[in-house]
Amino acid sequence: MPTPTNPTRLLPALAALAAIALAASGCGTGSADVERGRTLFVQKCGTCHTMAQAGTTAQIGPDLDDAFAAARASGQSDSTIEGITAAQIEYPRPSTDNPAVSMPADIVTGQDLEDVAAYVGEYAGMPGAAPPRAPGGPGAQVFANNGCGGCHTLAAANAGGTTGPNLDEALSGQSTAMVEMSIVDPNAELTKGFPANVMPTNYEQALTPKELEDLVQYLLKSAGGG
């Protein structure tokens, strides 16, 4: 989903992409589950894309809020953005090996595709968009805001990501210092079976000391560690 450099000039092309998607995938039929789409987006797309409502901050691929803000401000509808998203997922443009401008086709398909496209169509580039309130206190909100559930499983957060370790298992019995280190310096001690340089290494800068403390305590409590 490349970031438009001249959104006004590209609107006709974006509308054409939307038409392709609507014809090919059935998006816009009203059968999409936006809430499920958010969960799928965090798990499947949030490891590469920033999107405020999803709480994802990855910078491998384009920032989807930036990509669609101008189109939304010019009056493009949710369904148009939904169609553009579906078309780009099915037929990435351009198709290259550079994840900053392209991505593998069919990250999601079928109903999953409809749900993700509908979610992006409703929230990408929407002014003031933010993650929904998360039950479980301030640490749970930090977990949600930063899209941790896109990579990790944590039952208390209803998170089922598999890119990173299952936190219910990996954090059990760990100390506060160990959990904090796994967040701020994730390559210091890798969980068996997971490679280095997958988890962002900037959380010490991205989180305030209070947010980091809240997150660590939430993880310890939720995963049965401490």
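Computed from the coordinates by the stated procedures, all read-outs in this text should not be read as laboratory data. These figures come from a predicted structure and were not determined experimentally. Because the Cβ atoms are built from the backbone with ideal geometry, glycine has one as well, and the counts that use them run over all protein chains shown.
What does the charge count near Val216 come to, summing +1 for each Lys or Arg and -1 for each Asp or Glu among other residues with Cβ under 13 Å from its Cβ? Write out the running numbers ahead of the final one.
Working: positive: Lys210, Lys221; negative: Glu180, Glu204, Glu211, Glu213, Asp214.
Around Val216, the charge tally is -3.
Among 75-87, 168-180, how do they line up from the highest to the lowest mean number of other beta-carbon atoms within 10 Å?
Working: 75-87: 22.3, 168-180: 15.8.
By packing density, highest mean first, the sequence is 75-87, 168-180.
List the residues whose amide H sits under 5 Å from the amide H of Ala159, counting only those 5 or more places along or on another chain, with H placed 1.01 Å from N in the peptide plane.
For Ala159, whose amide H was placed from the backbone, the distant partners under 5 Å are Leu154.
Rounded, prolate or oblate: which one fits segment 30-72, using the alpha carbon gyration tensor with axes a ≥ b ≥ c (rounded when a/c is under 1.5, else prolate when a/b beats b/c, else oblate)?
Values: a/c = 2.41, a/b = 1.23, b/c = 1.96.
It comes out oblate by the Cα gyration axes.
Classify segment 138-223: rounded, prolate or oblate, from the alpha-carbon gyration tensor (a ≥ b ≥ c, eigenvalue square roots; a/c under 1.5 rounded; otherwise prolate if a/b is larger than b/c)? Don't skip to the end; give the middle numbers.
Working: a/c = 1.27, a/b = 1.09, b/c = 1.17.
It comes out rounded by the Cα gyration axes.
Under 23 Å between alpha carbons, and skipping anything fewer than 8 positions from Lys44 in its own chain: which lysines qualify?
The reachable lysines, counting only those whose Cα sits under 23 Å from Lys44, are Lys192.
How would you rank 181-190, 52-61, 209-218, highest first, on the average number of other Cβ atoms within 10 Å across their residues?
Working: 181-190: 15.4, 52-61: 19.9, 209-218: 17.7.
Answer by packing, highest mean first, reads 52-61, 209-218, 181-190.
State whether segment 34-148 is rounded, prolate or oblate according to the following rule on the C-alpha gyration tensor (a ≥ b ≥ c being the square roots of its eigenvalues): a/c under 1.5 gives rounded; otherwise a/b larger than b/c gives prolate, and the remaining case gives oblate.
Values: a/c = 1.61, a/b = 1.37, b/c = 1.18.
Cα axes put segment 34-148 in the prolate bin.
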